[in-house]
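> The structure that follows is given in the form of C-alpha cells.
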Amino acid sequence: MSYDPFDFKNTMPSINEDSEFFPLMSSEDEEEMNNEQVPDIVSILPLRNTVLFPGVVIPITVGRDKSIKLIRDANKGNRLIGVVAQQDVNVEDPAFEQLHKTGTVALIIKMLQMPDGNTTVILQGKKRFRLGEEIQSDPYIKATIEPFKEVKPKEDKEFKALSASIKDMAMSIIQLSPNIPSEAGIAIRNIESTSFLINFIASNMNADVPAKQKLLETLSLRDRMNAVLEHLTLDLQMLELKNQIQTKVRVDLDKQQRDYFLNQQLKTIQEELGGSTPDLELDNLRQRALKKKWPAEVKTHFSKELEKLGRTNPAAADYSVQINYLELLLDLPWNEFTKDNFDLKRAQKILDKDHFGLDKVKQRIIEYLAVLKLKHNMKAPILCLVGPPGVGKTSLGKSIAKALGRKYVRMALGGVRDEAEIRGHRKTYIGAMPGRVIQSLKKAGAANPVFILDEIDKVSNDFRGDPSSALLEVLDPEQNSTFYDNYVEMDFDLSNVMFIATANSLSSIQPALLDRMEIIEVNGYTIEEKTEIAKRHLVPKQREAHGLTSKEVNIKNDVLEKIIEDYTRESGVRSLEKKIGSVVRGVAKSIAMEETYNTQVSKKDVEKILGAPIFDKDLYENNDTAGVVTGLAWTSVGGDILFIEASLSPGNGKLTLTGSLGDVMKESVTIALGYLRAHAAEFGIEYKLFEQWDVHVHVPAGATPKDGPSAGITMLTALVSAFTQRKVKPHLAMTGEITLRGRVLPVGGIKEKILAAKRANIKEIILCRSNQKDILEIKEDYIRDMQFHYVTDMGDVIKLALLNEKVKNPIDLTVREKQPSPPTP
C-alpha cells in the first residue's frame, strides 16, 4: 500500500481555474469573509469523518434523513448552516452533547442528486464558531453560536519564513508522492493568504478527525502553523524513507525478474522432457482442494499456504517442505467418516467368533454400540484393556473395528520417549514431520477409526519431553476435539476416534492419564478356555501357516490339555500357540520327508516332538512339612502360586528373611510375627519360645523379586505352623492382607490367582470375605471342583488351614533353660 501525506479526494475536483467552485482565496476575499455577518442561530449538520475549515470547499455525501431535510430547508433560505464534527464516528444519530463544541459556518454552494440515490452537497467554510445552547433537536439540531474573532497576526520575518517553509515542504511532499495530482502543487503555489494556506493544508492532510479538530480549535494562527509544520515534517521524512526502501526493493525485483526468466526456461525444458512443472503441481493441489469437505478455517489456511507456495522459488529449499505440508493437509481425513454398522446381533457374532470368553469386554462394546445407535453423536469412549500378555487385548481391537465397520489403526507406544512422537515437530525444524497420531489418521483415511494405543504402560520420558503428558489431550474426551499438532498447526477433531489402550499393568501409567480412561480388566484364561481357544483359533491358524489341512493333522482336546498343563504356564495363549506351531511343524516335517505319522496327534507324539514336560504340577501339591504354606501371587504375566517356608533354629529370637522380598512383603512378615507374639496363648504357644528360637522365613525362587501385601495371611499361617508343628491341609492355598489386629483385608488379581491355583490342582482356597464378589465374576463351570473359604480374621484362617495332628518327628520346642555364663578369667 502507498503512503500519501495529503488526501485531495474531496477538494481536487474543484481545483481548476475554470471551475465554478475554485477553492483558492485572495487576501481581499479572506478579509471580506471575516467581516461577513453570520446568524446567531443556525442549523447544525454533524460530520462523521471530516472537519471543515474556513475558506475550504468540500463535497459531502448526505445519507441521514435528518441531514437531508436540513440541507433542503437551508437551501431554500440563506443557505448558511453550522458544520460540526461528532465526537464518536460510530454513533449513527448523534445528540447535541455528542458533538464537538467548535465548528465552521458553511455556505451551501450546490446540492446534487447522484444516480445511486445519495445526495451530495458542496460546502464552503466561512467562519469558525463555538456552540452555544441547543434550540431544537427535531427534526434536526438548531443551536446558538458565537463566532470566533479572527485576529490577524503580525507578519514579521519569522512569520513569513514559517509560511514559506510550510509552502516549500508541501511542494516537496507533492513532488515525492506519485499518487498526488500535479494540480495540487498549482493550487498551493497560487494561494496568497497564509491563513487559507494553513486551512487548505490542514483540511487535506492525511490525519484523523481528532487531530484536525484540534487544529480547528487552536486560536492562534502561529500555533496552527507550527502544528501543521510538525505534521508535514513527519510526512516528508516518511516519504523519503519510503523512496529509499523502494529503490532497494527495485534492485531485488530486478534479480527476481532474472530468476523468473531462468525458471521459465527451466520449466520449458522440463515440459519438453515430460517432467512436471511447479504450475502443474499448484494446479493439482488446487484441484484436489476443491474436492475436500473441510472446515472453513482449514480452507482459508490452505489457500494462504498455497499462495505462499506460489510465491516461493521452486529451487528454494522451502519449496519441497511447503509441498509436503500442503499434501499432508489434503491427505488428512477432515470431516471424512466411515459409516458405522449398527447391527448389534452381527457385532455380537463377530466378537464371539473372534474371541472366546472376554464377556465383560464384549458386553461393554455392545453397550457403546447401542448408545451410539440411539444418539448418533456420542463422544467416543477411551477404553483401557489391562491384562497379562497373550490374552488378546490387541487383536480384540481388530474385532471391534470389524464389528463397527470402521478402519483399524494401531500405534505401538512401547519405548516412546519423545513428546514429538505424539504432537509432531514444528515445521521450522529440519526433517520435521507430524506426530504419529496424525500420521495414523492419514493412513486410515477416516476421522473415526478404531485406534489401538498398544502398550501404553511402556511409555517413558527423558530430556525430549514426556509423551504421557502429551497423550492427556489425545485421550481426554472433553479436549481431543481440538487436538493441536505442532506440524499441522491446525486443530484436528479426535472426538470421533474410538481409542482403545492396552496395558499389562496400571502401576506405571501416569495417574492423570489413567483418570481419563475407562479401565476394563482382561484376565487370564482357564484350562477349559485355553482348550477351546486352541481348538477354534490356534490350531486352524497354525495349520494354514504351515500349509496343512484338517485331514493331514488333527489335535484333540485331551492332547491340547496336555500341551497346556505340561508345556506352558501363562495367563494368555501366546506360548501355547508357539507349542502348537512346533507340533504342527513336526507333522509337516514327516509329510515332507514321506515318513509315517499319525494324523491324529497323540500325547506320545507331543512328548516326542516337544520333549519331556517342562512343568510338573505335582511339585506344587506338597505341604507335608510344618511351616510350609502355599500362597497365591499376581504377576505381570498372570497368576502364579508360591510357597512360604518358615523354619526355627535355636537362638535368641532373631528374624531372618530371604528370597528377594520387597519392602511390603518384609512388613507382612514383621506384622505376622508381631501378631503371633501378642496372641501366642490363643495358638497354644509358649511365649518364651520367641526369645530362644530364631525364625527364618524364605520364599523359593530367590532370584525373582517379590513384593506385595497378598502374602500376609500366608506368612502368619507359616509361622503358626512352624511354632505349633501342625501341618497345613493338602491342596490348599490362600491370599490376603493382614493387619496388626489380625484382620484379613481384600487383595487384587483374584481371577488370575484362582486360575493359577486351578492349574496347580489346588482344591481349597482361603480368601477375604470382601473378595467374594471377584469369585462371582468367574464362570461357575471353571471353578466347580474348587472350594472357597471366606474369612475376616486370622483365627478363622488358622482353623481352616492347619491340621490338628503334629508331624511325626517334631523338633524339640521345649523351653531351654539358659546356662549361666562361664566365669571370666
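> What is the residue count in the stretch 491-537 for residues that are closer than 30 Å to R417 by Cα and part of a loop (DSSP other than H, G, I, E, B)? Walk me through how you get there before you give the answer.
Kept after step one, since they are closer than 30 Å to R417 by Cα, are these residues of the stretch 491-537: 491-524.
With part of a loop (DSSP other than H, G, I, E, B) added as a condition, the list becomes 493-497, 504-510, 516-517, 522-524.
Residues flagged as closer than 30 Å to R417 by Cα and part of a loop (DSSP other than H, G, I, E, B) within the stretch 491-537 amount to 17.
> Here are the criteria: (1) out of contact with any Pro (no Cβ under 9 Å at 6 or more places or on another chain); (2) exposed (fewer than 14 other Cβ atoms within 10 Å of the Cβ); (3) within 28 Å of E150 (Cβ to Cβ). Tell me which single one I81 does not satisfy.
Against the list (1) out of contact with any Pro (no Cβ under 9 Å at 6 or more places or on another chain); (2) exposed (fewer than 14 other Cβ atoms within 10 Å of the Cβ); (3) within 28 Å of E150 (Cβ to Cβ), I81 comes up short only on (2).
> Test of understanding: among I671, I614, which residue is part of a loop (DSSP other than H, G, I, E, B) and in contact with a helix residue (DSSP H, G or I) (Cβ under 9 Å, 6 or more places away or on another chain)? Working first, answer last.
Details: I671 fails: part of a loop (DSSP other than H, G, I, E, B).
Result: I614 is the single residue among I671, I614 that is part of a loop (DSSP other than H, G, I, E, B) and in contact with a helix residue (DSSP H, G or I) (Cβ under 9 Å, 6 or more places away or on another chain).
> Among the residues of the stretch 436-476, what is the count of those that are among the aliphatic types (A, V, I, L, M), out of contact with any Lys or Arg (no Cβ under 7 Å at 6 or more places or on another chain) and in a loop (DSSP other than H, G, I, E, B)?
Looking only at that region, the number is 2.
> Here's another thing I want to ask about it. Within the stretch 397-447, take every residue that is of a type in the set (D, E, K, R) and free of Cβ contacts under 8 Å to residues at least 40 places away in the same chain and give me the one that is farthest from E336 (Cα to Cα). Break it down stepwise before answering.
So the first thing to find is which residues in the stretch 397-447 are of a type in the set (D, E, K, R), and the list is 398, 402, 406-407, 410, 417-419, 421, 423, 426-427, 436, 442-443.
If we keep only those that are free of Cβ contacts under 8 Å to residues at least 40 places away in the same chain too, we end up with 436, 443.
Working: R436: 19, K443: 13 Å.
Once the filter is applied, the top-ranked residue is R436.
> Taking the options V697, V606, V664, V629, name whichever one is part of a helix (DSSP H, G or I), within 56 Å of the chain's Cα centre (by Cα), surrounded by 17 or more Cβ atoms within 10 Å (Cβ to Cβ) and not hydroxyl-bearing (S, T, Y). Reasoning before the result, please.
Values: V697 fails: part of a helix (DSSP H, G or I); V664 fails: surrounded by 17 or more Cβ atoms within 10 Å (Cβ to Cβ); V629 fails: part of a helix (DSSP H, G or I).
Every option except V606 fails the conditions.
> Of all residues being acidic (D, E) and more than 60 Å from the chain's Cα centre (by Cα) in the stretch 136-162, which is nearest to K126 (Cα to Cα)? Just the residue, please. Steps first, answer last, please.
We begin by selecting, within the stretch 136-162, every residue acidic (D, E); these are 138, 146, 150, 155-156, 158.
Of the ones still in play, those that are also more than 60 Å from the chain's Cα centre (by Cα) are 146, 150, 155-156, 158.
Values: E146: 13, E150: 11, E155: 23, D156: 26, E158: 27 Å.
Only one residue tops the list, namely E150.
> Just to be sure before I move on: is T714 surrounded by 24 or more Cβ atoms within 10 Å (Cβ to Cβ) and either closer than 18 Å to T739 by Cβ or at pLDDT below 90 (or both) in the structure I sent? Give the derivation first.
Details: surrounded by 24 or more Cβ atoms within 10 Å (Cβ to Cβ): yes; either closer than 18 Å to T739 by Cβ or at pLDDT below 90 (or both): yes.
Yes.
> For the stretch 365-381: of the residues being modelled with pLDDT of 85 or more and within 14 Å of I520 (Cβ to Cβ), which is surrounded by the fewest Cβ atoms within 10 Å (Cβ to Cβ)?
E367
> Only residues in the stretch 96-120 that are assigned by TED's automatic domain parsing to the domain that holds R79 count as the first member; pair them with residues that are among the charged types (D, E, K, R) and not in a strand (DSSP E or B), Cβ under 6 angstrom, at least 6 apart or cross-chain, and list the lot.
T102/E217; L107/R79; I108/R79
> Keeping to the stretch 776-794, report how many residues are within 27 Å of V669 (Cα to Cα), touching a helix residue (DSSP H, G or I) at 6+ places or on another chain (Cβ under 7 Å) and either surrounded by 14 or more Cβ atoms within 10 Å (Cβ to Cβ) or touching a residue at least 40 places away in the same chain (Cβ under 8 Å) (or both).
Within the stretch 776-794, residues that are within 27 Å of V669 (Cα to Cα), touching a helix residue (DSSP H, G or I) at 6+ places or on another chain (Cβ under 7 Å) and either surrounded by 14 or more Cβ atoms within 10 Å (Cβ to Cβ) or touching a residue at least 40 places away in the same chain (Cβ under 8 Å) (or both) number 5.
> A further question follows. Only one of these conditions is not met by A227: (1) surrounded by fewer than 20 Cβ atoms within 10 Å (Cβ to Cβ); (2) farther than 18 Å from F53 by Cα. Which number is it?
For A227, the exception is condition (2).
> Keeping to the stretch 537-560, report how many residues are within 26 Å of I350 (Cα to Cα) and charged (D, E, K, R). Show your work before the answer.
At the first step, the residues of the stretch 537-560 found to be within 26 Å of I350 (Cα to Cα) are 537-550, 554-557, 560.
Now drop any that are not charged (D, E, K, R), which leaves 541, 543-544, 556.
Looking only at that region, the number is 4.
The values are calculated or read from the model by the stated rules, or taken from the named source; none is laboratory data. Note that the coordinates shown come from a computational prediction; the quantities given were computed from them, not determined experimentally. Reconstructed Cβ throughout: ideal geometry from the backbone, glycine too, with neighbour counts over all protein chains shown.
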